[in-house]
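Written below as structure tokens is the structure these notes are about.
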Amino acid sequence: MVTMTEQPPVADSQPTSAAICVDSDAFDRLGRVLRHLTVGLVDQAIPLRLVSSDPRIEKLALGPVQTLLHEPISWLGKSRRLSQIVDGISSQPPLVVHATSAGTFRLAQHLAEVFEAELILQISSMADCEALARIPQERIATLLSYSTPLSAVLQEQLKIDNSRIALIRPGILASKTATTYSDPSREATVICTSALERNAGIETLIDAVHKLSKRGISMLLFFVGRGRHETPLRRAVRSAGLSSTITFADPMGDPLEALCGADVFVTPGAESGFRVDSLHAMAQGVATIGVENPLCDHIRNDETAIVCKPGSSDELANALAKLLTDRNYARQLAGRACDYARTNHSLAGMAENTASLYRKLALVHKTIPISP
């Protein structure tokens, strides 16, 4: 079954139509970026088709954007669902097909072949790099990298020529000023949006908070993520006597909404890809603590965040103590991070660069009229 929301196409003598394939992984890691990109491409007069099996795709339908919600695809043999997807977007054949994460590479490759369109594979995680290594390179027009370290991985480890890599940093809405400790009378509020799973660093953060409580440093910590490891984590909080300090706040909507009014944001565990959470916290002017991440270049120690080694509760406790006890430093750090996000991760820059890439690739499919 395929469900579509139809909107009138953008009026353009030679529109550069694009199909963007999105899966649940892209929504989980990059949700806000996808929303901003969609809006930005509308402003750039790019007719869009958004293709996904995740119902969240329908929330991105606006103006000339059309969404196609399909059932998960079985790749064993020929799939009737593939034909339905092709039929669903054939009324406005895409000149460019853009895959946003590894889970959509195969579908995007199929659509690019059917419509003889240019194929863009977006690289924002090690899973994307590993999936890319299994794909024949001749059908890929461009690899869209999210950071300089990811571009380096593509060149050095996968031997991709630099001319085929486009570095477009994800855009995020930035606050005008830092919000950390905007209310000095309130007890410090710390937010963690990491998944409540094993190896996400949650136990390390609980241990760090326990150490700070022994030092007499107080805070209110809110876990607003979800995950299968929540029950044993709750037990660990009770065993440490931190039930009045740590709250598991299951979010009704977007977990990042909880950042409004927070003083400190923490990512306690190592991540194998780009997540928008820490960038969003920085852009909102919230003092940020992260762990070393070789794939991201926006987490910069003492410039945009305090960076800790993964698994070190002592380092994490010291980082929290510094931001909780030295509020001037916390506000300065948050201000620098906010400025960095505004300068390097602008919404307009992301939309303009992506639209320019689409138009450049689509030129090979267009007939340019020449005056006699």
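Conditions: (1) within 20 Å of the chain's Cα centre (by Cα); (2) modelled with pLDDT of 95 or more; (3) small (G, A, S). G241 meets all but one. Number of the miss?
(1)
Cβ-Cβ under 9 Å, sequence separation 6+ or interchain: first residue in the range 73-89 and surrounded by 14 or more Cβ atoms within 10 Å (Cβ to Cβ), partner acidic (D, E) and modelled with pLDDT of 75 or more. Which pairs?
R81/E71; Q84/E71
Within the group R234, R169, R238, which residue is assigned to a helix (DSSP H, G or I) and in contact with a Phe, Trp or Tyr (Cβ under 8 Å, 6 or more places away or on another chain)?
One residue alone meets the criteria, R234.
Which one of these is surrounded by fewer than 21 Cβ atoms within 10 Å (Cβ to Cβ) and within 25 Å of S125 (Cα to Cα): D25, D43?
D25
Mind listing just one residue for me: the one in the range 46-62 that is out of contact with any Pro (no Cβ under 9 Å at 6 or more places or on another chain) and of a type outside the set (A, V, I, L, M) and, of those, surrounded by the most Cβ atoms within 10 Å (Cβ to Cβ)?
Among them, the one singled out is S52.
Pairs needed: first member in the range 42-58, free of Cβ contacts under 8 Å to residues at least 40 places away in the same chain; second member anywhere, assigned to a strand (DSSP E or B) and among the small types (G, A, S); C-beta distance under 6 Å; at least 6 residues apart or different chains.
Hits for this filter: L48/A18.
On the basis of being surrounded by 19 or more Cβ atoms within 10 Å (Cβ to Cβ) and either outside the structural domain of L361 (by TED's automatic domain parsing) or over 21 Å from H345 (Cβ atoms) (or both), does E118 make the cut?
yes
In the range 268-284, how many are in contact with a Ser or Thr (Cβ under 8 Å, 6 or more places away or on another chain) and either among the hydroxyl-bearing types (S, T, Y) or in a helix (DSSP H, G or I) (or both)?
So the answer is 6.
Considering only residues of the range 290-322 that are assigned to a helix (DSSP H, G or I) and free of Cβ contacts under 8 Å to residues at least 60 places away in the same chain, which is surrounded by the most Cβ atoms within 10 Å (Cβ to Cβ)?
Out of the qualifying residues, it is A319.
Need the failing condition index for L34 against (1) surrounded by 17 or more Cβ atoms within 10 Å (Cβ to Cβ); (2) not in a helix (DSSP H, G or I), just the number.
Condition not satisfied by L34: (2).
For the range 128-152, which positions are over 19 Å from G103 (Cβ atoms) and in a helix (DSSP H, G or I)?
Q137, E138, T148, P149, S151, A152 - these are the residues of the range 128-152 that are over 19 Å from G103 (Cβ atoms) and in a helix (DSSP H, G or I).
Test each condition in (1) part of a loop (DSSP other than H, G, I, E, B); (2) within 28 Å of L347 (Cβ to Cβ) for F265 and report the one that comes out false.
So F265 meets the others, but not (1).
The values are calculated or read from the model by the stated rules, or taken from the named source; none is laboratory data. Values in this document were obtained by computation on a predicted structure and should not be read as measured data. With ideal geometry, Cβ positions are generated from the backbone for all residues, glycine too; neighbour counts draw on all protein chains shown.
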